[in-house]
Amino acid sequence: MDLLRTRADAFGLEGARIEVHGATITAEAPGDSGERLRQLAVTAELGFRPVLGGDSSVPPELQRQFTAFDCMAPVPAGAPALSPTSPTVACDRTGPTKYVLGPVALSGRDVTSAKASLDAQTGNGWTINLVLTSAGGRKFAELTGRLSQQSAPANQIGIVLDRQVISAPSVSQSITGGAVQISGNFTRTSAQDLAAQISSGALPVELTVSDVTHIPS
């Protein structure tokens, strides 16, 4: 409940009221259409994983999983979370592209803050700027340094949020300093919502939205 309240504040849901009734959580917010109330329930488990392959390069041990994986099908209810210590298959958030990803190299726990901003200089549009912890900065420098020595697609980092690859940038050198920028055709709202989810932390359990009701004022 405290985490959901923190996330509601990050979303700008002023006056939000969150209550727990047994196994049910009720969230109310004046003036919201329901979209950001739905976003409160997103798990927001963030992971940075090395890309092991794409459509043309799949390790033999993951070939069957890669072939059977359907990016256009919804994730079944109750499906187990991705293992952070094992390779996996995940889809791009905006299309049918499939990625084969290695274990998590750093996670949301390595992120100090996340903020949305408009990058007008490079033309990337709305982006999410992350500041890493000192340990996270060292992990990221090691990861990018290692991947920069690889050929495509193994020089890419899959930035995964709740089973979806939200960005998969390629790297050409070790990135130090503990700052990371995520770009990926975000709108202002989607960038702000993603930044709020990351900065407030991942939910420890998976929530299912059962009903959203809009009461006209």
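You will find that of Asp119, Asp92, the residue that is among the acidic types (Asp, Glu), within 26 Å of Thr133 (Cβ to Cβ) and out of contact with any Pro (no Cβ under 6 Å at 6 or more places or on another chain) is Asp119 and no other. Scanning the stretch 16-38 for residues that are within 28 Å of Thr112 (Cβ to Cβ) and at pLDDT 85 or above yields Ala16, Ile18, Ile25, Ala27, Ala29, Leu37, Arg38.
Among the residues making up the stretch 21-34, those that are open to solvent by 50 Å² or more (accessible area, probe 1.4 Å), under 26 Å from the mean Cα position of the chain (by Cα) and under 23 Å from Ser199 (Cβ atoms) are Ile25, Glu28, Ser33.
Within the stretch 191-210, is there a residue that is in contact with a helix residue (DSSP H, G or I) (Cβ under 8 Å, 6 or more places away or on another chain) and part of a strand (DSSP E or B)? Taking every residue of the stretch 191-210 in turn, none turns out to be in contact with a helix residue (DSSP H, G or I) (Cβ under 8 Å, 6 or more places away or on another chain) and part of a strand (DSSP E or B).
Among the residues that make up the stretch 110-129, is at least one of them surrounded by 14 or more Cβ atoms within 10 Å (Cβ to Cβ), modelled with pLDDT of 95 or more and over 20 Å from Arg7 (Cβ atoms)? No: zero hits.
Assigned to a strand (DSSP E or B), more than 17 Å from Ile166 (Cβ to Cβ) and open to solvent by 20 Å² or more (accessible area, probe 1.4 Å): is that true of Val58 in this structure? No, not satisfied. Scanning the stretch 159-190 for residues that are under 10 Å from the mean Cα position of the chain (by Cα), of a type outside the set (Val, Ile, Thr) and not in a loop (DSSP other than H, G, I, E, B) turns up Leu161, Gln164, Ser167. Residues in the stretch 111-133 include none that are of a type in the set (A, V, I, L, M), part of a helix (DSSP H, G or I), more than 30 Å from Thr26 (Cβ to Cβ) and in contact with a Leu (Cβ under 8 Å, 6 or more places away or on another chain).
The values are calculated or read from the model by the stated rules, or taken from the named source; none is laboratory data. Here the structure is a predicted model, which is why all the values come from computation and not from measurement. Virtual Cβ from ideal backbone geometry, glycine too; neighbours counted across all protein chains shown. Side chains are part of the model used for accessible areas, which takes the heavy atoms of the whole protein and leaves out ligands, DNA and RNA. Shrake-Rupley method; radii C 1.70, N 1.55, O 1.52, S 1.80 Å.
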